[in-house]
Amino acid sequence: MPETGARRRTFALHWNRPHWPWLERFWLGTRHRLTNAAILLLVLTLCYGVWPYGTLWRLEHAVLAGDQATVAALVDLDAVRDEIARRLDKDQDSLITAVSDAFIDWLEAGLRQHGVDVLQRLVTLDWVREQFLLIPTLQGPGLWASISEIFFSAPDDLRVRIERAPLAPPLNLRLQLEGLAWRVTLIHD
């Protein structure tokens, strides 16, 4: 029968033991480097998440100022037209899942008036500006008050839903990272 007062040997590490000083020095140095790396990673992640908001802010101010050159730099009209054309073609996949009745009526009227060149004639920088000017809070608290949904669907793909009631249905945007800049590649309501 073992003694009740006898010391048992354990293999647990005790940081206060004098024969583990090399491990303590190693851990302190490693902990410092890991903390710095975690802080840097957090800051970079936050900056990456805020980056597309700068594009939205620039787009909002360009629309209000009537700066067509900045709007043209921030909106890829060919990509917007291509995605709308994909939605109209039932044989192709499109990122546009559902559109409003007003959007369909607008396209039908354009088809009657312009024929097959409807997207080239209707989807212009002026149309983009009109879509943004229908946001009721654009003159007041700004675009940020109207954003109802915003999320990354991929690291280089941001989706935004902007409420425009009662003037128009919600505006859906897709921003994509192209090179070192975010650009709007999809607009529809």
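What to note about this one:
- Charged side chains reduced to their Cβ positions (Lys and Arg at +1, Asp and Glu at -1) give region 28-166 a dipole of some 640 debye around its Cα centre.
- Based on C-alpha pairs under 8 angstrom that are at least 6 apart in sequence, region 21-188 has a relative contact order of 20 percent.
- Each residue of region 170-183 was assigned a 3J(HN,Hα) from its phi angle through the Karplus curve 6.51 cos²θ - 1.76 cosθ + 1.60 (θ = phi - 60°); the sequence is x, 9, 10, 10, 10, 10, 10, 7, 10, x, 10, 9, 8, 10 Hz, with glycine and proline shown as x.
- Ranked by the mean number of other Cβ atoms within 10 Å per residue, highest first, peptides 34-46, 145-157 order as 145-157, 34-46.
- Each part gets one Cα centre, and for region 47-89 versus region 170-189 those centres are 6 Å apart.
- Quarter of the Cα convex hull surface for region 21-188, i.e. its orientation-mean projected area (nm²): 13.6 nm²
- Selected from Val63, Phe151, His114, residue furthest toward positive end of dipole (region 21-188; charges at beta carbon): Phe151
- Length added when fully stretched, Trp106-Asp67, from 0.36 nm per residue minus Cα-Cα: 11.5 nm
Each value in this text was obtained by applying a stated rule to the coordinates, not by laboratory testing. Keep in mind it's a predicted model, so treat the numbers as computed, not measured. Reconstructed Cβ throughout: ideal geometry from the backbone, glycine too, with neighbour counts over all protein chains shown.
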